[in-house]
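Asker: First the structure, then my questions, so here it is.
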Amino acid sequence: MFVDLVEIEVQSGKGGPGCVSFRREKYVPKGGPDGGDGGKGGSVYIQVDSNLNTLMDLKYKRKYKAENGEPGKGGKKSGEDGKDVTIKVPPGTMVFNAENDQLLADLVEDKDRYLAAKGGIGGRGNTHFKSPTNQSPRRADPGMPGETLKLRLELRLIADVGLVGFPNAGKSSLLKAMSEAKPKIADYPFTTLNPNIGIVKTADFETIRMADIPGIIDGASEGRGLGLQFLRHIERTSVLLYILDGEKNDFLEDYKVLQQELEKYNWRLVTKPSIVCINKIDLWDEEMLSLWKEQLGEGYVFISAKYGIGLDDLKAAVAELRSEHEEEKDEFESR
Ligand SMILES: Nc1nc2c(ncn2[C@@H]2O[C@H](COP(=O)(O)OP(=O)(O)OP(=O)(O)O)[C@@H](O)[C@H]2O)c(=O)[nH]1
Ligand SMILES: [Mg+2]
């Protein structure tokens, strides 16, 4: 199951209390203080694991608590530190404070790590309180408390190019044809229920991450179909690839609807650099193809994902547009 939004609670451990203790040796009736410090409370970290692509595991386990530090001991021995807890998340996970919506971390690269709740420090044992006037201090510090936070984690897949189209237009077919990804393809709408990512290799040995998301229909912004919930995954892309279904006579109408729906979700999406491709041209005859080419002109690419027609040109066009606009990617990240 694909999950891209969860709320969790994290709690770091308390520091262990410092110890009050005195040295006991034969023939030394009253030894000096030897109470050790309390151990540090464990912290809770959130860390990227690039093998993951969903927040599913967090859906089933909502609370994460690190261990408390152990109390200090006699003989100047410190208590053990509490164990940390590390929550693994996929690349592209954004961490928000669930209470005030503040963005706390945007975890993108593998191993990126965020300290979500810091463990309390351990209390000092009574050895620290010995002074010329007090050789037998009975004082030690308590450990510091841990912290508890409610967090919202939102996954926005990291991709360079996002595929947008009506159900059945051939988005997954295109992803399959251009990359090593193996998404499900079928002749009914809403075959794709979760985003897929594929790595496209260009002629210049560059790699482009392409995201295929569930289809969008008229009224998606009002919740029709699968709604617009998956658009968050293409918010970070630098380029959008609209895919229109050449089997339909009114495919240009679909293009308008797609833009309207995207705009309702986030107007910035429609200002992104984009390429429009018309798919399934294998179903057209030569005459129809040249008529449409003439009518639409520049900016439209004619392809057949299923039979591999026009894909090299499309790949080149995507690569060029991506390299022109890569630096703008970040500007679109927040709404
Ligand atoms: N003739 C022809 N059929 C195609 C082409 N590309 C895709 N199809 C067919 O169109 C149907 C839908 O393809 P998908 O790739 O699953 O479409 P999708 O846009 O991912 O659909 P959803 O996941 O439902 O949004 C399948 O039956 C494909 O075989 C093409 O270039 N030519
Ligand atoms: Mg699909």
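The values are calculated or read from the model by the stated rules, or taken from the named source; none is laboratory data. Nothing here was measured: the structure is a model prediction, and the numbers come from that model. A quick note on method: Cβ atoms are made from the backbone with ideal geometry, for glycine too, and the neighbour counts reach across all protein chains shown. Each accessible area value is taken on the protein alone, full model and side chains, heavy atoms only, with ligands, DNA and RNA left out. Shrake-Rupley method; radii C 1.70, N 1.55, O 1.52, S 1.80 Å.
Asker: Give just the number: which of (1) within 16 Å of ligand 1 (Cβ to nearest atom); (2) closer than 25 Å to Gly198 by Cα; (3) assigned to a helix (DSSP H, G or I); (4) in contact with a strand residue (DSSP E or B) (Cβ under 7 Å, 6 or more places away or on another chain) does Ala317 not satisfy?
Answerer: (1)
Asker: Restricting the search to the stretch 275-304, which residues are open to solvent by 50 Å² or more (accessible area, probe 1.4 Å) and of a type in the set (Ser, Thr, Tyr)?
Answerer: Correct list: Ser290, Tyr300.
Asker: State whether one or more residues within the stretch 197-204 are at pLDDT 90 or above and of a type outside the set (A, V, I, L, M, F, W, C).
Answerer: Within the stretch 197-204, one or more residues are at pLDDT 90 or above and of a type outside the set (A, V, I, L, M, F, W, C).
Asker: Let me ask something additional. Restricting to strands (runs of 3 or more DSSP E) lying wholly in the stretch 1-91: which have 2 or more residues that are open to solvent by less than 20 Å² (accessible area, probe 1.4 Å)?
Answerer: Values: elements: 5-11, 44-48, 63-65, 85-89.
Correct list: 5-11, 44-48, 85-89.
Asker: Do we find a residue being within 22 Å of the chain's Cα centre (by Cα) and assigned by TED's automatic domain parsing to the domain that holds Glu327 anywhere in the stretch 217-227?
Answerer: yes
Asker: Give the residues of the stretch 203-227 that are away from ligand 2 (no atom under 12 Å from the Cβ), within 21 Å of Leu175 (Cα to Cα) and open to solvent by 20 Å² or more (accessible area, probe 1.4 Å), sorted by residue number. Before you say what the answer is, go through the steps one by one.
Answerer: Taking the stretch 203-227 as the starting set, the residues that turn out to be away from ligand 2 (no atom under 12 Å from the Cβ) are 203-210, 217-225, 227.
If we keep only those that are within 21 Å of Leu175 (Cα to Cα) too, we end up with 203-210, 217.
Scanning the stretch 203-227 gives Ala203, Asp204, Phe205, Glu206, Thr207, Arg209, Ile217.
Asker: Do you know which residues across the stretch 127-174 are in a strand (DSSP E or B) and either open to solvent by less than 10 Å² (accessible area, probe 1.4 Å) or under 21 Å from Asn68 (Cβ atoms) (or both)?
Answerer: Kept after step one, since they are in a strand (DSSP E or B), are these residues of the stretch 127-174: 131, 134, 148-155, 161-165.
Once the filter is applied, which keeps residues that are in a strand (DSSP E or B) and either open to solvent by less than 10 Å² (accessible area, probe 1.4 Å) or under 21 Å from Asn68 (Cβ atoms) (or both), the stretch 127-174 yields Thr148, Leu149, Lys150, Leu151, Leu153, Leu155, Val161, Gly162, Leu163, Val164, Gly165.
Asker: Then there is this: So which pairs qualify, if the first residue must be in the stretch 5-26 and free of Cβ contacts under 8 Å to residues at least 60 places away in the same chain, the second must be part of a loop (DSSP other than H, G, I, E, B), the Cβ gap must be under 7 Å, and the two must be at least 6 apart or on different chains?
Answerer: Cβ pairs passing all conditions: Arg23/Gly31; Arg23/Gly32; Arg23/Asp34; Arg24/Gly31; Glu25/Gly31.
Asker: Consider only pairs whose beta carbons are under 6 Å apart and that are at least six residues apart or on different chains; among these, list those whose first residue lies in the stretch 178-205 and is under 15 Å from Leu163 (Cβ atoms) and part of a strand (DSSP E or B) and whose second residue is within 7 Å of ligand 1 (Cβ to nearest atom) and charged (D, E, K, R).
Answerer: Qualifying pairs under 6 Å: Asn196/Asp212.
Asker: Restricting attention to the stretch 175-197, which residues are open to solvent by less than 50 Å² (accessible area, probe 1.4 Å) and within 9 Å of ligand 2 (Cβ to nearest atom)?
Answerer: Leu175, Pro183, Ala186, Thr191, Thr192, Asn196
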